[in-house]
Amino acid sequence: MPEKMEELKRQLASLQEQNHQLKATCESLEETQASLVQVISESNDKLLRSEMTSMELEQVFSACTDALWVIREDGVVVRANDAMLALLGKSAAEVIGQQCSTLLDYTLCQESICPIKRARSNTRREYDIQLAHIGDGNQHFILSTAPLITLDGRPGIVGQFKDITSRKEAETELAAANKALEQMARIDSLTQIANRRCFDETLQREWQRSSREQKPLSLLLGDIDFFKKYNDHYGHQAGDECLRQVGKALAEAILRPADLVARYGGEEFVILLPDIDLPGALHVGERILTAIKQLEIEHQPSTANEFVTMSIGAATLIPNPDQNCEELTKLADEALYRSKEGGRDRITPAQKNLPDSHNITSVST
């Protein structure tokens, strides 16, 4: 009997110990459950915030006025906003899941410069592109691409098309305006031929080229005979018209694109003839004298001819490093003076080029 009592006591003690352990286990499970509930709650909160952020990003993506699309590394479009769909002129069903190269044919699709292939370098890039087949006329865009990981875990890019057509048009108009202003700055407003500034710049450039190549550079300096008397007799409006007609005749008498006719100042005109020797320059000058007389502009006060005429001085040099272009102009001016002293209506070569006795008088045709 005592033995049974002892056995019962041991069993009772064992049960009490098990009960204590079960109670501790229950308490631990309760703590674990509470932790799990907290973790689940935090996870749900994060998930909710993530979904809200995703919704916000989706709204931003869709509402962006710049065209945006997301393309996987295999070229498949996985997302496109409304602006992109409008740019392509297609619906979402016609765009999502399609190869980007079938939707937008452009030179960037070439293997070597494809933005999708370059996305692997994890570098943001920008391209100035022009799309001729979308919309009315040409459209210019800045295409910005950046690498990303798509929702399915695959690498790809996000492409943003920023329309800069208006800016490009403004730049083109500005460039055209600047070019027009530059041309105006080099054109004589009255005669519509090159002005003194244009001549000075061209002479300097041709002088340097002729010096390098050791080729002749010729210059004709002409002055309308008795132009002050013409103005006094016929009036300044008639004088302006005379200058216009003479300038036009000079321009038409020049046959080579490299030659330059310019108004030198007042009633003086200059003709620059690169790569032409003195005999050739005299021949051009003779043609000019004839062209001016053929205008048959009446000039009663003139003692040289009944019509407007011109006196011309001709000079030719092969430039060398010890000279400057002013020497050529000086020689032509001295020859012009000799033409006037010799009776006007003629072309006279500079003394440095030919003997003083060499004098060519214009011949009417």
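FYI, it's all coordinate maths here, none of it is from the lab. Bear in mind the structure is a predicted one, so any value in this text is a computation, not a measurement. Positions of Cβ are backbone-derived with ideal geometry, glycine not excepted, and every protein chain shown enters the neighbour counts.
Computed values, structure above
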{"read-out": "Alpha-carbon Rg/Rh ratio, for segment 187-361, with Rh computed the Kirkwood way", "value": "0.96"}
{"read-out": "Full-extension gain in nm, HIS233 to ARG212, via 0.36 nm per residue minus C-alpha separation", "value": "2.7 nm"}
{"read-out": "Distance violations [Cα-Cα > 23 Å] among LYS215/LYS248; LYS90/LYS162; LYS229/LYS293", "value": "LYS215/LYS248"}
{"read-out": "Selection of trypsin sites (Lys or Arg not before Pro), segment 184-228, meeting DSSP coil and at most 10 other Cβ within 10 Å", "value": "none"}
{"read-out": "Segment GLN351-ALA13, extension gain: residue separation times 0.36 nm, minus the distance between their alpha carbons", "value": "107.4 nm"}
{"read-out": "Set of aspartates and glutamates near LYS23 by C-alpha distance (under 16 Å), chain-local residues within fewer than 8 positions excluded", "value": "GLU31"}
